[in-house]
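What follows is a single structure, written as structure tokens, with notes after it.
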Amino acid sequence: MNSMSWERVVSVQELEHKKSALLKKGSKQIAVFKMGSEILAVDNRCPHQGYPLVQGTVDASVLTCNWHNWKFDMRTGKCLTGGDNVRTYPIKIEESFVWVEIAEPSKEELTQTILEGLKTAFTKAKYGRTSRELARLYFNGIDSTIAIKKSIEWSYEKFKTGTTHAYAACSDWLRLYFENISNPENQLICLTEAIDHMAGDALGEPFVSYSKDSVPFSEEAFISAIEAEDEKKAIALLQGALKSGLHFEQLEKVFTHAALMHYNDFGHALIYVTKTATVIEFLGKEVESPLLLSLTRALCHMTREDLLAEFQDISRYSYQSSYEALLEMNAKNFLYFDSRFEAAYDKPVSDNVGWLDVTHPMTFANAVRVQCQKYPEFWKQGLLQLSFFHGRNLPYVDTVQNVSSWAVKNKDHFFAECVEKILDHGFNDRVQAAHLLKTFCAVREEVVHSQNETTQKILLAALNRYFHSPLKFKHIRRAARQNMSLVGKDF
Ligand code: FES
């Protein structure tokens, strides 16, 4: 132990008299307590919200923070009531003085301690603690993206139907994270939101582990297994692919193909392929296996709306051959969405539509462009499905409404405002937050890629309206009325 790391705090005699003492050394504050024959030292700042623990209440070896009543075992630092543990410090008596050893643990030890705390927060989906543990990673100079990698590891076997919005949103949170490299507070928000969403989706779910069995991979067999919803076989083929050294770059095309075989889960299949690619790009091969296993599982479980009669009726849709045209048509649906449907409770179940029904074509369009520019053979399916989105949403627009006030004058300024709103969204519902984020990212990208000024203007105005519209998160009366009607049919 480095002798320079010992600091003299107080005389034994004075501590005997006062029962507590405080050491201030640079930014550090350490509280020292005399309890019976023992002397113990802990961080003075409560790990919850920083109340000075030297003013806390001591009973035996339990220290209570007087602000929110968190209790700590001072011998171990373990939090007995509350959340985060408090750091303890070795002490020694020398020359009738109490000394505290203030040397920092190694980076490895620190990382391990913080990740243990983060895992506890993750398991209980505790937002505050997640944020604090991430802040600790940052201030200790540890690359905070390790927390995202760990969260994927802790969650992927708990998503019983595979990839959820949490992984999709993670890709966009990571994008904002890297765009905010000089703003640690914004970066903290991005990582906390990404991790909290994963934690929320995993909360209380049992592990549904993936078999390690593998069989030699072939694209045809993989496509057939997914078409047959045979998760076991699809997973074994994927394991075979990974074992033989294939990576997402080589598998991306077959995933794109699988995602576009049907009008899958309101477009989520393809959206998830694009988002998975981005997360792997940001975090590296370490996350490839869990994310691809999860994506494969999702592809086997997704709904296939193209099998519904209403989707097969091509006459309902205006089939277009151009992505730009379809993007603009869907953007118009977005801009002119009749938001009375968002609030309605007196309509049939088939008219249960809201803002998310018109934002999804934007994220789907973005995914179609990204994937189909890489694999042009899928343009036909991608565009067809985009036209389905347009036809499906057409009955829910109100083109008579005046939308001129939503026109965006300064694009860059508007995008900056959107980012501010995302970084302080205030939604309890993680899915709503994720959609705000992913719609923003998709629209921003399409505005940049579009060559058509009118399309750009419509996209921006639609996004502006969406960001300023009240969103309804829970449909209590709608559920009651529709359920009365459904159940009542049998009576
Ligand atoms: S600040 Fe200590 S319990 Fe809240």
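Could you tell me how many of the residues in the range 86-96 are part of a loop (DSSP other than H, G, I, E, B) and under 15 Å from LEU40 (Cα atoms)? Number of matching residues: 3.
Please indicate, with yes or no, whether at least one residue in the range 17-35 is of a type in the set (D, E, K, R), crowded, with 17+ Cβ neighbours inside 10 Å and within 14 Å of the ligand (Cβ to nearest atom). No, every residue in the range 17-35 fails to be of a type in the set (D, E, K, R), crowded, with 17+ Cβ neighbours inside 10 Å and within 14 Å of the ligand (Cβ to nearest atom). Taking the range 432-449 as the range and being buried (at least 22 other Cβ atoms within 10 Å of the Cβ), under 19 Å from THR276 (Cβ atoms) and out of contact with any Lys or Arg (no Cβ under 7 Å at 6 or more places or on another chain) as the test, the residues that pass are ALA434, HIS435, LEU437, LYS438, THR439, ALA442. Among the residues of the range 45-55, those that are within 12 Å of LEU22 (Cα to Cα) and within 11 Å of the ligand (Cβ to nearest atom) comprise ARG45, PRO52, LEU53, GLN55.
So in the range 177-233, with the set limited to residues that are polar (S, T, N, Q) and either at positive phi or part of a loop (DSSP other than H, G, I, E, B) (or both), which one is nearest to the chain's Cα centre (by Cα)?
Restricting attention to the range 177-233, the residues satisfying the condition of being polar (S, T, N, Q) are 180, 182-183, 186-187, 192, 209, 211, 214, 218, 224.
From what's left, either at positive phi or part of a loop (DSSP other than H, G, I, E, B) (or both): 180, 182-183, 209, 211, 214, 218.
Numbers: ASN180: 17, SER182: 21, ASN183: 19, SER209: 21, SER211: 26, SER214: 30, SER218: 32 Å.
Filtering the range 177-233 for residues that are polar (S, T, N, Q) and either at positive phi or part of a loop (DSSP other than H, G, I, E, B) (or both), the one nearest to the chain's Cα centre (by Cα) comes out as ASN180.
Of everything in the range 48-67 that is closer than 22 Å to ALA121 by Cα and either of a type in the set (Ser, Thr, Tyr) or at pLDDT below 95 (or both), the residue that is farthest from the chain's Cα centre (by Cα) is THR64. Taking strands (runs of 3 or more DSSP E) as the structural unit, those lying wholly within the range 36-76 and holding at least 3 residues that are surrounded by 13 or more Cβ atoms within 10 Å (Cβ to Cβ) correspond to 38-43, 62-64, 71-73.
In the set (1) part of a helix (DSSP H, G or I); (2) among the hydrophobic types (A, V, I, L, M, F, W, C); (3) over 24 Å from PHE266 (Cβ atoms), ALA169 fails one condition alone, (3).
Can we say LEU471 is in contact with a Gly (Cβ under 9 Å, 6 or more places away or on another chain) and either under 20 Å from THR278 (Cβ atoms) or of a type outside the set (Lys, Arg) (or both)? Spelling it out, LEU471 is indeed in contact with a Gly (Cβ under 9 Å, 6 or more places away or on another chain) and either under 20 Å from THR278 (Cβ atoms) or of a type outside the set (Lys, Arg) (or both). For the range 319-327, the count of residues that are within 17 Å of ARG444 (Cα to Cα), touching a helix residue (DSSP H, G or I) at 6+ places or on another chain (Cβ under 8 Å) and surrounded by fewer than 23 Cβ atoms within 10 Å (Cβ to Cβ) is at least one.
Just wondering, is there one or more residues in the range 77-87 that are free of Cβ contacts under 8 Å to residues at least 60 places away in the same chain and more than 31 Å from the chain's Cα centre (by Cα)? No, the conditions are met nowhere in the range 77-87.
Report yes if GLY141 is surrounded by fewer than 18 Cβ atoms within 10 Å (Cβ to Cβ), more than 14 Å from the ligand (Cβ to nearest atom), under 28 Å from the mean Cα position of the chain (by Cα) and of a type outside the set (A, V, I, L, M), otherwise no. So GLY141 passes the test. The C-beta contact set for the range 142-157 (first residue not assigned by TED's automatic domain parsing to the domain that holds LEU292, second residue buried (at least 18 other Cβ atoms within 10 Å of the Cβ) and in a loop (DSSP other than H, G, I, E, B), distance under 8 angstrom, 6+ apart or interchain) comprises GLU157/TYR210.
The values are calculated or read from the model by the stated rules, or taken from the named source; none is laboratory data. A quick note: this is a predicted structure, and the numbers were derived from the prediction, not measured. Note that each Cβ is placed from the backbone with ideal geometry, even for glycine, and that neighbours are counted across all protein chains shown.
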